[in-house]
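Below you'll find the structure, written out as structure tokens, and then a few comments.
The values are calculated or read from the model by the stated rules, or taken from the named source; none is laboratory data. Everything numeric here is computed off the predicted structure, so don't read it as measured data. Quick reminder, even Gly has a Cβ in these numbers, built from the backbone with ideal geometry, and neighbours come from all protein chains shown.
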Amino acid sequence: MPYLNRRNRLLALTAGLALLVGCAAEAQQMPDFPFASRVNVQRFPDGLDWLDADGPIRPVELSELRGRFVLLDFWTYCCINCMHVLPELKKLEKAYPDELVVIGVHSAKFENEQDTKNITEAVARYNIEHPVINDSQMILWKRFGVRSWPTLLLIDPEGYGVWGQPGETTFEQLDKVLKKALPYYRKHNLLKGGPLELSRADDAARVTPAEETPLRFPGKVLADEASRRLFIADSNHNRIVVARLDGTLIETIGAGSIGLADGDYRTAQFQQPQGMALVDDMLYVADTENHLIRKVDLENKQVTTVAGLGTQARKPLPPSRASNPLRIALSSPWALWPDGEYLYIAMAGPHQIWRMSLDGTSISVYAGNGREDIVDGPLVPREPYQTGYSSFAQPSGLASDGTWLYVADSEGSSIRAVPLNSRAEVATVVGTADLPAARLFTFGDVDGSRNSVRLQHPLGVVYDQGILYVADTYNNKIKAIDPTDGTTRTIAGTGKPGFANDSPTFNEPAGLSAAAGKLYVADTNNHAIRVIDLQAGNKVSTLRITGLSP
């Protein structure tokens, strides 16, 4: 969700809850009614795709939901704020299995996100267990007056809209609302209770479970030419896979189950790991959904936590303050890059670049004022959100040429350049920083000169032999960018999702690494690692990891 100050958040809330003002007088005439106002909710429109992780389901009518609270979650699968709400909803669903039904309303930001199959992949990737509506034309979004991602709207057991809130919302906030409301509905016998029964729209449309593949939604990959090793963040198997560059399996790191535990390779647990960095024989891992940085001792085969508390940071870190890495909460670290005595972190949650000393003594904000935007300028202000300084939008990939730290700034569809010299300023290699408005909503698939280039939600970047290679994720392409003048060209991919080596196609590639004249690509939705041979006309192959099982 774009940055909103307090006043603008209130304005957005007012606009987003326009549906709730029509019947305020009626609610006031009900002395024990737990909400300030209520309004009738129209039936769900026809023609919308309903789905879950296994594919299409039969549309649900509002009449079937009577007797339960219904929480509508307006989201889009690229959005880090939306990702942060999902575990809070999961806790709520477990706390109220008979009284509450959560329905995701996927209202896409990017063109790629309008496709039902892509949303189905995202539902599986995020382990969403409730039904999701593909609101590709934003019909429900407009009907309910929604203005930002995420937004939650609550419908009561009688079918009235009664509560709503934009932005990230915690389980505790939602639990408080339901605990206050439930006695009224129980007193008046308005709760039917029981889980919602769903049925398939078409059994033939079921998706083959991706759990059967050796890799499951791999997010990032790290190739080390010196040791001839490949490290793969097997994100939805919650582990790190270590192989030779030729695909020979060496070992796996992590138990494979979702959790948070240090220990040896068999007992350590991760949750949706993403970016990695290798320093000597220490592998650093962005343990994204645990909101941690982990360190893997590759010689002694031990995993330890070196930064974070295991809970998401809810308040911005004052940029001018350095903290003990083990005494401060992080928010969705997504990519890592080592340089000298420091580890740079793409902290996707607060839209910033952080820097941690490798000796473990300090961590601090290095760049970004915390506003979600694409703005060049001085690295970091003294106070969060202060204007006149650099802004990022969900940074998700890092690379460097030794002078600049290059950032795949996904929500702004831009590639940024952060100086390793802290006296210099942030610049944009290609992207939207020069636009006077709509910087987060201008994207496309255009190669050419710097001023004409358009990307769509890039998640990965690597620097090799003077060229930046970019995983242009939602365009399903790999592109090459000259960092000196921004000239951009596609080297692989047709723009359509697919899984082919001849006339190569990809499906939301998210991670890139380079070694020995080859690019290694984490082809996320294909559950595979692809290899592009830069010395053989960009020939594409699929790496088979011998001996790896799910």
query: Does residue 277 satisfy the condition of being assigned to a strand (DSSP E or B), assigned by TED's automatic domain parsing to the domain that holds residue 356, under 19 Å from the mean Cα position of the chain (by Cα) and small (Gly, Ala, Ser)?
result: no
- prompt: Any idea which residue in region 434-458 is farthest from residue 396 (Cα to Cα), counting only those that are aliphatic (A, V, I, L, M) and in contact with a strand residue (DSSP E or B) (Cβ under 8 Å, 6 or more places away or on another chain)?
  reply: 446
- prompt: Which of the residues belonging to region 451-482 are among the charged types (D, E, K, R) and crowded, with 17+ Cβ neighbours inside 10 Å?
  reply: 454, 464, 472, 477, 479
- prompt: Are any of the residues in region 241-257 out of contact with any Lys or Arg (no Cβ under 8 Å at 6 or more places or on another chain) and buried (at least 20 other Cβ atoms within 10 Å of the Cβ)?
  reply: yes
- request: Tell me, yes or no, whether region 157-180 has at least one residue that is within 30 Å of residue 475 (Cα to Cα) and either in contact with a Ser or Thr (Cβ under 6 Å, 6 or more places away or on another chain) or modelled with pLDDT under 95 (or both).
  value: yes
- line: Filtering region 307-324 for residues that are buried (at least 19 other Cβ atoms within 10 Å of the Cβ), out of contact with any Ser or Thr (no Cβ under 6 Å at 6 or more places or on another chain) and within 23 Å of residue 258 (Cα to Cα) leaves a count of 2
task: Those residues that are among the basic types (Lys, Arg) and assigned to a loop (DSSP other than H, G, I, E, B), I need them from region 314-350; list them, please.
output: 314, 315, 321
- request: Please tell me if residue 2 is over 22 Å from residue 99 (Cβ atoms), in a strand (DSSP E or B) and either modelled with pLDDT under 90 or touching a Ser or Thr at 6+ places or on another chain (Cβ under 9 Å) (or both).
  value: no
- request: Inspect all residues belonging to region 514-522 and state whether any of them is more than 18 Å from residue 400 (Cα to Cα) and in contact (Cβ under 8 Å) with a residue 12 or more places away in the chain.
  value: yes
statement: How many residues of region 400-420 are surrounded by fewer than 24 Cβ atoms within 10 Å (Cβ to Cβ) and assigned to a strand (DSSP E or B)? The answer is 5
Matching residues, region 410-467, being charged (D, E, K, R) and in contact with a Ser or Thr (Cβ under 8 Å, 6 or more places away or on another chain): 416, 425, 434, 439, 447, 450, 454
